[in-house]
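Note sheet for the following structure.
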Amino acid sequence: MKPFSHHSIVWSVLIVCVSCVSMQSQTKVDRESLNTVSGKVTVKGKGVSGIVVSIRSTKVDHRIQSFSGRTDQDGNYRIGNVPRGTYQIAPSSPEFSLTESQQRLLILTASENVEAIDFALVRGGVITGKVTSSGNQPLIEASISYTVERIDEAGIQSSRTDSRYQTDDRGIYRLFGLVPGKYKVSVSRDVRNAFGQTARFTPTYYPATTDPSKASIIEITEGSEFTGIDIKVELNDNSSEKFTVKGRIIDGVNGQPVPNIRLRLEQLIDQYGTRYLDYLDVPSTSDREGEFSFEDIAPGQYGVIVEPSPSSAVRAERLPFVVTDQDVTDLVIKTVRAASVSGVVIVESTMNKAPPVQFSRLSLYSYPTDGNSGGIITGARINADGSFQLSGLKEGFNDLSLGGKFGRPTQGLSISRIERDGVVQNGGIEVKDGENITGVRVFLKFSNGTIRGVVKTTSGDLPRNAQVAVWFGESPADPRSFRASPVVDARGHFIIQGVPDGTYEIIANVKLVDSRIAVAKQQVIVADGNVPDITLIVEIPPGPGVKQ
Amino acid sequence: MKLVYSLLGLAVSVLALTTSVVTAQGTRPDELEESTAAVKKGVITGRVINESGQPLPDAQVTVRAYGSGEYPHNTSTDRDGNFRVSGLRPVLYYATASLPAYAAAPRDPDNTQATSYRIGDTITLVMFKGGVITGSVKSITGEPVVGVQVRAQMIRDGSGQRSRYGATTRERLTDDRGIYRIYGLPTGTYLVFAGGPGYLGANGAYENDAPTYSPSSLRGNAAEISVRAGEETRDVDIRYRSEVGHTIRGTAAAHNASNTPEAWVILTSTLDGGSQLGDSVYQPLGFEGFSFSGLADGSYDLTAESFHANGEIMISEPKRVNVRGTDISDVELITKPLANISGRVVLEESKAAECKGKKRTLLTEILVSAWHNEKEAAQDQPQFVWGLGGPSFPNLQGDVALRNLAAGQYQIIARQFAKYWYLDSITLPAAAATRPTKPGEPNRPQDAVSNWTNLKAGDRLSGLIVKVAGGAASLRGQITTAEDATLPGRSYVYLVPAEREKSQDVLRFLSAPVSPDKTIALHNIPPGRYFIIVQPALDEVRPTLTKLRLPNETETRARLRREAEAAKTEIEFKPCQNVTDYQLPFPPVETANRSPQREK
């Protein structure tokens, strides 16, 4: 049996435009469960006034809630009327930076008075300068990134990269709130905003090198300010040249041209060591001779993909190619007969008052389980009557997952099992090229239960710096069904969301700094999406050298 | 910096039509029977330049079909400012360009060049370096406020006109010194404020605060900041008040469903007039409602909007909410369907011999729009609703539907761009129009251009007929001024129908600006007899032709007719006739020779 929402990758792929707008929503506030959070903000051990400390709910179902408080003269803050939920808490003082290893996750379960959520800050450093091209023109809205290498109090070396900053209309940038460390600053054009076509220069490091190893290092100490960190960029004027890409699409078996196939381009973006595929909106349709062409393509790495369509009986592997300084004219795509899976979606509910389901707002996605699908996920709408057809499938095992339209919530539903001819399909549905499988039944379950709880020790709260992991599973007999709770905060509070009705076992694992381990177990029943808050009490074993 | 329209939600894409259609001159090859290579390949090319004609490289250009949910075609300009998109279908497109720190040139009402393009067209988009507002945000005690969002909102444009819906707002965060810098602003008058619910939402520290307007006030006493393109307005400082704003909570429900729908809720402030800076929140399906926080005292309208897979939009009546020192909860919004008008576009070929072999207009290149009556609509009601029902083009069979029209009065208008074709008439069954049919009067089709059509929520009107006919004529010529006469600035040449039976036909009223070198050009003229006259432009802001044809401008047309009749200059156009080298004396010879006595 396959519990819970199958794959979260689909989710992240589908979050489209909705995230560009601030979204809020609010459930009715339960007055009984309001919490208070308080603590102190210090710089060099002294309380600082006027610092805003904010609590923001993490993005569950697109809802963001925030609460804030301001520190008084002694650096103390207090935030009241916070409903239960999972939050990030942090001082909103970007000119300061946090000292390391401070837990910022906060899970508030019941009406609590949470105290001593303290923050120690250091005044951050500043780096500012101007970015100009070789012709002395300012570069406007170029992305500024920095890499910092530092050694923290515990002697651990770390490095991180940040690229939130941009130059303004004068080419000037200003990085602030920088933690002490050794910095390399570089400039690039933000490819994502530029349709992958306007990066007219390679990322350039201060003062004027494209080689990261030759970048000058700026050593930031607490509160230091470096001005005049100007970067000169060499514009590459050839990169605005564009080329034509042509090819043919033929039947992989008989070599005949395949007309009327919609093709699209993907561009491989490689920036700061991150590689990702950018879906370009450059369609082309093969003609009677199976020929297709894409015009005005800038130099870069690309792939041609056959657009999956419900009516298309063929599919093809992604064909990679590179555009350098001339037209590409010899691409050949070979098609294979695609498989399809059709059937019906059925909601099984044990809930007394199940909410109505709108199938037309849900989609099914199929993805090969071999793990290197090349990003090919086939999607299909679910019709109002629950029927669906997934086309363009690849030979092999294909697993299904459920998604909301446009990355929206799945109405609390997830796939509980998939049946083909009455047989449960573990590990996906096996399809062969050209095979059309019908009568597949996809069972959905409401999975809007939430299990909240806290891990404590027999002597009370958890010791400082204890590492806590919470696991839960459907049946103690099947360890494969166990998975980790995504969030456990420093106080041992945890939350498990999207749980279908059922009986579960919760296991808490506490690891102390000296490697002692303590475990506690508890069974919970989720019914109608509800479960009482639970407390798991671990017994800390006596440490070495501790007398009982 | 992100460019954010004053209203968010999916309406943005529609609003783009009215806001960032940059001044553009489209050039078209003359109408040949044979298609050019560019037409065959579905290509639109163009250039992005600054106001002095210099090419602008690296500008992002978006070419998008009107009235369709299709993906836009995106590209960028090369080092010579040129761009090209290909693979376009033969429908009508609009084009927008964006370049950091630059703003689109405002639409000149005297520029009659089309802002819709056909494949094969070459477009020039003009942008100029925008203005800058910079200053600091400090607390009451003088400490810099770091990481707060500062937003500039245009309230009046460069010509002093109140911003229409969809006016741009731009925002930036303050740095570690509390300094902000907002650039790329078009010329106009702005309000600048810090804090409040925002789109950058940096860290949530200030989003529950009521916005503080420069210098340190609520909206009512905000300073008006004037900005000129290419210039910097400095020291626009804000003393940040740190006042917690209020919250409005409520639920959006559909009129025909029991559960709460997925909806966008849009909040507009009545104070902000036509520009109506708004905030938009999402209510997920099945959840228990929406909330807005960080609101200052004032009056707001809340409107819920939900989108359907078939492209239809449901919308609630705007609900007026007054925030006075406390939070407000339990606001209920009920969404209902908007109105639709459907019908057909019919083509009528000209039988005249002169029109043989001339290129036909394409059905899909005819754009039909419904324009709401601005005078009748309340100025403080949410204005974004007028942008929901964008223009639409017919399918290959000529079927056309104008969807998502908010309740109000509309004029139906259509545009087509084939040289030898003209818009002949637009009619609706009489019952659909404003004027009620008298008993016994036959239910004749009514002119939907010269009459307003009243639409209520959920109306489904059918029987719209847009008739586009072949045989259009054109006129090119010159104004010849008498020795002692000077042509007033912003002069227009007007054609007024001379035939009695056409005297009320607003589509037979035509106008075009007289260019500085006194040349005139008129296209797509229905054949027939006209009076021709030179008169000043009709409006400061709107295109003169738009105003000339409005249903409630009967007096304007009557006056024009009286003066044109008095001037007695007539001209006749035969089907497909291209009149060139036409000389039009100014002032009209007849009038100039007339003595004052004779006039009595």
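Determine, from the Cβ-Cβ distance of A:ASN81 and A:ASP287 and an R0 of 56 Å, the FRET efficiency 1/(1 + (r/R0)^6), rounded to the nearest 0.05.
On the way: r = 65 Å, r/R0 = 1.16.
Efficiency at R0 = 56 Å is approximately 0.30.
Cβ neighbours within 10 Å, averaged per peptide: list B:415-426, A:387-398, B:182-193 in order, most packed at the top.
On the way: B:415-426: 22.1, A:387-398: 20.2, B:182-193: 24.4.
Output ranking for B:415-426, A:387-398, B:182-193: B:182-193, B:415-426, A:387-398.
Could you tell me the relative contact order of the range B:42-108? Use alpha-carbon pairs under 8 Å, at least six residues apart, and round to a whole percent.
Contact order relative to length: 38 percent.
Projected area of the range B:60-124, taken from the Cα convex hull and averaged over every viewing direction, in nm²? Mind showing how you got there, number by number?
Numbers: hull surface 21.1 nm².
Average of the hull's projected areas for the range B:60-124 equals 5.3 nm².
Starting from the Cα of A:ASP251, step 7 Å along the direction of its Cβ; do the same at B:ARG177; then give the gap between the two resulting points in nm.
For A:ASP251 paired with B:ARG177, the spin-label model returns 7.2 nm.
What FRET efficiency would be calculated for the residue pair A:ARG262, A:VAL423, taking the C-beta separation as r and a Förster radius of 41 Å, to the nearest 0.05?
Details: r = 35 Å, r/R0 = 0.86.
After rounding, the FRET efficiency stands at 0.70.
Give the order of A:ILE525, A:ILE89 when sorted by the count of other beta carbons within 10 angstrom, beginning with the fewest. Before the final figure, lay out each step's value.
Working: A:ILE525 12, A:ILE89 24.
Placing the least packed residue first, the sequence is A:ILE525, A:ILE89.
Place a label point 7 angstrom from the Cα of B:SER226 along the Cα-to-Cβ direction, then list the residues of the range B:141-185 whose backbone nitrogen is under 18 Å away.
Inside the label zone: B:153-163, B:185.
For peptide B:72-78, what's the mean number of Cβ atoms from other chains within 10 Å of each residue's Cβ?
Working: counts 1, 3, 7, 7, 10, 3, 10.
Partner Cβ neighbours, averaged per residue: 6.
Using a 10 Å cut-off around each Cβ, can you sort B:VAL91, A:VAL328 from fewest to most neighbouring Cβ atoms? Intermediate results must be reported in sequence, preceding the final value.
On the way: B:VAL91 22, A:VAL328 18.
By the 10 Å Cβ count, ascending, the order reads A:VAL328, B:VAL91.
PRE reach from B:GLU348 (point 7 Å along Cα→Cβ): which of the range B:443-477 fall under 13 Å by backbone N?
Answer for this model: B:465-472.
Answer rounded, prolate or oblate for the range B:335-387, using the Cα gyration tensor with square roots of eigenvalues a ≥ b ≥ c: rounded when a/c is under 1.5, else prolate when a/b is larger than b/c, else oblate.
Here the range B:335-387 falls in the prolate category.
Using the number of other C-beta atoms within 10 angstrom as an exposure proxy, rank B:VAL281, A:VAL442 with the fewest first. Mind dumping the intermediate values first?
Working: B:VAL281 28, A:VAL442 23.
So the ranking, lowest neighbour count to highest, is A:VAL442, B:VAL281.
Over all pairs of distinct alpha carbons, what does the Kirkwood formula give as the hydrodynamic radius of the range B:308-420, in Å?
Hydrodynamic radius (Kirkwood, Cα only) of the range B:308-420 equals 17.3 Å.
Please list, ordered by chain and number, the residues whose modelled amide H lies under 5 Å from the amide H of B:ILE119; skip anything fewer than 5 residues away on the same chain.
Here the answer is B:VAL91, since their amide H atoms fall under 5 Å of that of B:ILE119.
Given 37 °C and 0.692 mPa s, how large is the Stokes-Einstein diffusion coefficient of the range B:367-519 in µm²/s, with Rh as the Kirkwood radius over Cα pairs?
On the way: Rh = 18.2 Å.
Estimated diffusion coefficient is 180 µm²/s.
Just from the alpha-carbon atoms, what are the Rg and Dmax of the range A:382-435 in angstroms?
12.7, 34
Quick one: 3J(HN,Hα) in Hz for the range B:117-132, Karplus 6.51/-1.76/1.60 with θ = phi - 60°, rounded, Gly and Pro as x.
10, 9, 4, x, 6, 10, 10, 10, 10, 9, 10, 9, 5, x, x, 10
Set the Förster distance to 56 Å, then compute FRET efficiency between A:ASN113 and B:VAL541 from the Cβ-Cβ distance, nearest 0.05. Walk me through the intermediate numbers first.
Working: r = 60 Å, r/R0 = 1.07.
Calculated transfer efficiency: 0.40.
The range A:64-129: D in µm²/s via Stokes-Einstein (Kirkwood Rh, Cα pairs, 20 °C, 1.002 mPa s)? Don't skip to the answer; put the middle values down first.
Details: Rh = 13.8 Å.
The calculation lands on 156 µm²/s.
Residue by residue, what Karplus-based ³J(HN,Hα) values in Hz, rounded to whole numbers, does the range B:245-254 have, using 6.51, -1.76 and 1.60 with θ = phi - 60° and x for Gly and Pro?
Using θ = phi - 60°, the values come out as x, 9, 10, 10, 10, x, 9, 9, 10, 8 Hz.
If I model a spin label as a point 7 Å beyond the Cα along the Cα-Cβ vector, how far apart are those points for A:GLU234 and A:GLN137 in nm?
Roughly 1.8 nm, to one decimal.
Which whole-Hz ³J(HN,Hα) couplings does the range B:85-91 yield from phi under the Karplus relation 6.51 cos²θ - 1.76 cosθ + 1.60, θ = phi - 60°, glycine and proline marked x?
10, 9, x, 8, 7, x, 10
How much length is gained on full extension from B:LYS375 to B:GLU501, taking 0.36 nm per residue of separation minus their Cα-Cα distance? Let's see the in-between values first.
On the way: separation 126, 0.36 × 126 = 45.36 nm, distance 2.91 nm.
Between B:LYS375 and B:GLU501, full extension yields 42.4 nm more.
Quick check: residue separation of B:ASN578 and B:ALA482 times 0.36 nm, minus the Cα distance between them. What number comes out in nm?
On the way: separation 96, 0.36 × 96 = 34.56 nm, distance 2.61 nm.
Computed gain between B:ASN578 and B:ALA482 is 32.0 nm.
For the range B:462-587, how big is the tail of P(r) above 26 Å, as a whole percent of Cα pairs? Don't skip to the end; give the middle numbers.
Working: 1445 of 7875 pairs.
For the range B:462-587, the fraction of Cα-Cα distances above 26 Å is 18 percent.
No solvent, one uniform scatterer per C-alpha: report log10 I(q)/I(0) for the range B:492-566 via the Debye equation at q = 0.17, 0.20, 0.22, 0.23 1/Å, two decimals.
-0.60, -0.84, -1.02, -1.12
Taking every Cα atom in the range B:129-253, find the radius of gyration and the maximum pairwise distance Dmax, and write them in Å.
Reported Rg and Dmax, both Å: 14.5, 48.
Bear in mind that the values in this text are calculations on the coordinates, not laboratory data. Computed from a prediction, not measured in an experiment: that's the story for all the values here. When we count neighbours, we look across all protein chains shown, and the Cβ atoms used for this are built from the backbone with ideal geometry, even at glycine.
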